[in-house]
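The values are calculated or read from the model by the stated rules, or taken from the named source; none is laboratory data. What you see is a predicted model, and the numbers here were worked out from it, not measured in a lab. Note: ideal-geometry Cβ built from the backbone for every residue, glycine included; neighbour counts use all protein chains shown. All accessible areas refer to the heavy atoms of the entire protein, side chains included, with ligands and DNA or RNA removed. Shrake-Rupley method; radii C 1.70, N 1.55, O 1.52, S 1.80 Å.
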Amino acid sequence: MTSPDPTLAQLLGGAPPASIAALPPADQARLAEIVAAARRKQASDLAASFEASLKHVPFPIRGLVKKTLLG
Amino acid sequence: MTSTPEAELEKLAHQVSVDVEELAFLSAVPADDLRALRGQISEALFQADRHHFVKVAALSKSIPSALAAKITEFALPPMIAARTSELLDPAKAVDMVGRLSERYLANVSAVMDPARSPHIIEQIPPERIAMVARELAARQEWVVIGGFVSVVSIDGLRSSVAAFTGEQLLRIGFVLDDTARLGEISAMLTDIQVDELLAAAAESELWRELDELVANIDEAQAARLVERLAGSPDEVRAGLTGAPLSSATTTKLGLSGS
């Protein structure tokens, strides 16, 4: 039986279900890359949309919103 | 009750924003494990950017709902709003839902994981649920709607079902998170919706969708399908007779040997 791919387990925050952990190493690595890509997409979507959205916030509350979103 | 591995793969593909063909290497994985994997990915995505969601939730909590809703719609990408809702007090979240536009709510719903916020969704008024359901159906967001159906209140479900066509219901039924609800949905269908779904199955070759529906309804509901099918146009009956449906479906619908 194949063991869980360490990168995949790390991305998932724990061991994947047994049938996933039993997949060939190449398939587990492929799944890890798909999950990593989803995380990268979420992060870049967040950054891009924060910046873009701020342009539409009314001026009086822009400072408050910017501080909240961007720290 | 979990849906088929094929339907679970569609949900997983939606979650990680890839075409379902890219997940073909997972086709032998059991549906329950695919569902568990989806839960793990959902939690991992939430934790990865949790600091953003916590900050936004803190802002929302500190100001009146009316202002929070205005800022949300002005400034927050739907994804952030969706994830932040998991951290809000349900009463506050439901109050805000009532103040957001239909379009924005649909955008939020499209990226939300309903299973993570059932306490909020079940409290949303049925008419609001139906409004968003219609908008999501217009966008053909079947996977999204299928996730919501598992957690909406019975009144919310009834309002939503009334808003869908038979074809839409057939497509949604295939990707339901909780296929046990197909029985409830079936009991809510009008004759027109039943006729529409039979016609859609025949016309668009929605065999797996029809299999899933028939597998999850009781004998009385199946008898109703048989009755409506008997009165349907020739092309619908001809389309279903000899179609590559499961043997269970052909038996239940009286199509075997006809």
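Determine the residues within segment B:55-78 where the difference in accessible area between the chain on its own and the full set of protein chains amounts to at least 30 Å²; count protein heavy atoms only and use a 1.4 Å probe.
Residues shielded by partner chains are B:Lys55, B:Leu59, B:Ile71, B:Phe74, B:Ala75, B:Pro77.
Largest first, how would B:Asp113, B:Asp89 line up by accessible area (1.4 Å probe)?
So, going from the largest accessible area down, we get B:Asp89, B:Asp113.
Which whole-number percent is the relative contact order of chain B (Cα, under 8 Å, 6+ apart)?
Answer for chain B is 14 percent.
How much area per residue is accessible in segment B:181-232 when the probe is 1.4 Å and only protein heavy atoms are counted (Å²)?
43
Using the alpha-carbon atoms, what tilt in degrees (0 to 90, nearest 10) does helix B:65-75 show relative to the longest principal axis of chain B?
80
If the reach is capped at under 17 angstrom between alpha carbons, list the aspartates and glutamates near A:Lys55, excluding any in the same chain fewer than eight residues apart.
Those aspartates and glutamates meeting the cut-off are A:Asp45, B:Glu73.
Modelled label-to-label distance, B:Thr165 and B:Ser42, 7 Å Cα→beta-carbon offset: nm?
A separation of 3.0 nm, rounded to one decimal place.
Per residue, how many Å² of accessible area does segment A:6-70 show with a 1.4 Å probe?
53
For segment B:152-232, calculate the relative contact order in percent as a whole number, restricting contacts to Cα pairs under 8 Å that are 6 or more residues apart. Don't jump to the answer; show the numbers that get you there.
Working: 65 pairs, mean separation 29.3, N = 81.
Computed value for segment B:152-232: 36 percent relative contact order.
Enter the Cα centre distance for the pair segment B:88-158 and segment B:168-209, rounded to the nearest angstrom.
20
Efficiency by 1/(1 + (r/R0)^6): what FRET value for A:Glu51 and B:Ser153, r their Cβ-Cβ distance, R0 = 25 Å, to the nearest 0.05?
Once rounded, the FRET efficiency stands at 0.10.
What number, rounded to the nearest 500 deg cm²/dmol, is the helix-based mean residue ellipticity at 222 nm of chain B, given -39500 (n - 2.57) per DSSP H run of at least four residues and division by all its residues? If you can, show how the numbers build up before the last one.
Values: 18 runs with 177 residues, N = 258.
The helix contribution divided over chain B gives -20000 deg cm²/dmol.
Chains A and B: what accessible area do they bury, summed, in square angstrom to the nearest 100, with a 1.4 Å probe?
It comes to approximately 2800 Å² buried between A and B.
Roughly how tilted is helix B:154-163, in degrees to the nearest 10 and between 0 and 90, from the longest Cα axis of chain B?
Between helix and principal axis, roughly 60 degrees.
Shape verdict for the protein assembly as shown, please, from the Cα gyration tensor: rounded (a/c under 1.5), prolate (a/b greater than b/c) or oblate.
oblate
Calculate, for segment B:44-164, the solvent-accessible area per residue in square angstrom, rolling a 1.4 angstrom probe over the heavy atoms of the protein chains.
The answer is 39 Å² per residue.
Largest first, what is the accessible-area ranking of A:Lys66, B:Lys70 with a 1.4 Å probe?
Ranking A:Lys66, B:Lys70 by accessible area, largest first, yields B:Lys70, A:Lys66.
To the nearest 0.05, what FRET efficiency results for B:Ala66 and B:Ser256 with a Förster distance of 45 Å applied to their C-beta separation?
0.15
Please report, in whole Å, how far the alpha carbons of chain B spread along each principal axis, starting with the longest.
For chain B, the Cα spread along each principal axis is 66, 40, 25 Å.
Share of segment A:6-70's accessible area from carbon and sulfur, percent, 1.4 Å?
The nonpolar share, carbon plus sulfur, comes to 64 percent.
Quickly work out the B:Glu203-to-A:Ala29 label distance, labels modelled 7 Å from Cα along the C-beta direction, and quote it in nm with one decimal.
Spacing of the two 7 Å Cα→Cβ label points: 4.9 nm.
In chain B, what percent of the accessible surface is made up of carbon and sulfur (1.4 Å probe, ligands and nucleic acids excluded)?
Numbers: 5800 of 10730 Å².
Ligands and nucleic acids excluded, carbon and sulfur reach 54 percent.
Rank B:Arg237, B:Arg181 by accessible area, highest first, at a 1.4 Å probe radius?
Order by accessible area, largest first: B:Arg237, B:Arg181.
Could you check the simple spin-label distance between B:Arg139 and B:Ser101, using points 7 Å along Cα→Cβ, in nm with one decimal?
For B:Arg139 paired with B:Ser101, the spin-label model returns 1.3 nm.
Could you compute the FRET efficiency for B:Glu6 and B:Thr190, with r as their C-beta to C-beta distance and R0 at 30 Å, rounded to 0.05?
With a Förster radius of 30 Å, E is 0.60.
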